[in-house]
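What follows is a short report on a single structure.
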Amino acid sequence: MKPLAGGLAAVVLACAGLGAVPAWAREGVEVGAPSKLSRLVPAEQLEQAADQQYTQMQQDALKKGILVSEKDPQMVRLSTIAQRIIPFSLEWNQRSPNWRWEVILLKSDEINAYCMPGGKIAFYTGILDTLKLTDDEVAMIMGHEIAHALREHARARMGKTAATRIGANLLSGLLGLGNTGDALLNMGGQLLTLKFSREDETEADLIGMELAARSGYDPRAGVTLWQKMAAANKGAPPQFMSTHPSSKTRIQDIQASLGKVIPLYDKAPKPKQRFDAPRKTGELYLRDLEPLEFWAVAQR
């Protein structure tokens, strides 16, 4: 998958040139300061490890024939949604304008998606097909995963591990001295199995809602998304659920924060192209949860 360049790069540069955070930026959600534990792990090295793991994953998927073509409608859909969301990420992480953002789609029945450090996004076809996600729900997942990367939750988790396992006398080495840089690169394999804290998940939900809303996607889809996820969890728990706990409390938290992001959604320019076709929209869809006419195929 080529980097998300072209139009997106132009938007990123334009936004970066604005300098100060615009006045409307904090109309949205409120979260605390990033974890100080992330400072124990060099961002550059972690992003390098993520890039290596992501590249290897693409190469393996290509050999196995499970890397979805950039021309595939579902891949076009993901790229389109990503290009709307990413520019609104800039205020959340000063490194993000320089990230080499990418998105890929893998053929797999797994209900899973993630964004690795440095803006490396991956979706599995299982999460799109099994849950029959609307564009708004895709945006909620993507915003959530991007938020994990923006707030450097993986970096903080590894920092905590470093603080507890390595000891204070070796922390200076972890900051770039000695051979610990090589050790950090070997941590790349952990990036797909990290389990975030409840606080991390709540933070990613909130920021993801705001990113989706500012991009013109309905943040109320967070409720239907987790209802679908809970339904899928009745059998064997999806891979996505192993690192993304779902509960009634989570849905309640999303509902409690909708008032902060609905105004952003209301005034945001809406996507000119939709890749779903619900027979009912807005409050009617959320109330009735009717099946979608999805990809020109009626799900009845």
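The values are calculated or read from the model by the stated rules, or taken from the named source; none is laboratory data. Note that the structure is a prediction, hence the values are computed from the model and not measured. We place every Cβ from the backbone using ideal geometry, glycine too, and count neighbours over all the protein chains shown. Just the protein is used for accessible areas: all its heavy atoms, side chains included, with ligands, DNA and RNA removed. Shrake-Rupley method; radii C 1.70, N 1.55, O 1.52, S 1.80 Å.
Descriptive notes on the structure:
- Restricting R84, R77 to residues that are within 20 Å of D129 (Cβ to Cβ) and touching a Phe, Trp or Tyr at 6+ places or on another chain (Cβ under 8 Å) narrows the list to R77.
- Contact map, the range 130-146: residues that are touching a residue at least 40 places away in the same chain (Cβ under 8 Å) and within 15 Å of R274 (Cβ to Cβ) paired with residues that are open to solvent by 10 Å² or more (accessible area, probe 1.4 Å) and assigned to a loop (DSSP other than H, G, I, E, B), Cβ distance under 6 Å, separation 6+ or inter-chain. Pairs shown: D135/R274; D135/F275; D136/D218.
- Just one residue in the set L8, L13, L46 is touching a Pro at 6+ places or on another chain (Cβ under 8 Å), open to solvent by 90 Å² or more (accessible area, probe 1.4 Å), at pLDDT below 90 and in a helix (DSSP H, G or I); that residue is L13.
- Residues of the range 120-161 classified as modelled with pLDDT under 90 and touching a Gly at 6+ places or on another chain (Cβ under 6 Å), total: 0
- Going through (1) touching a Phe, Trp or Tyr at 6+ places or on another chain (Cβ under 9 Å); (2) within 30 Å of K160 (Cα to Cα) one by one, P42 falls short only on (1).
- Residue match in the range 227-244 (condition: over 18 Å from G126 (Cα atoms) and either part of a loop (DSSP other than H, G, I, E, B) or at pLDDT 55 or above (or both)): no
- Within the range 219-234, considering residues that are within 9 Å of L131 (Cβ to Cβ) and among the aliphatic types (A, V, I, L, M), the one surrounded by the most Cβ atoms within 10 Å (Cβ to Cβ): L225
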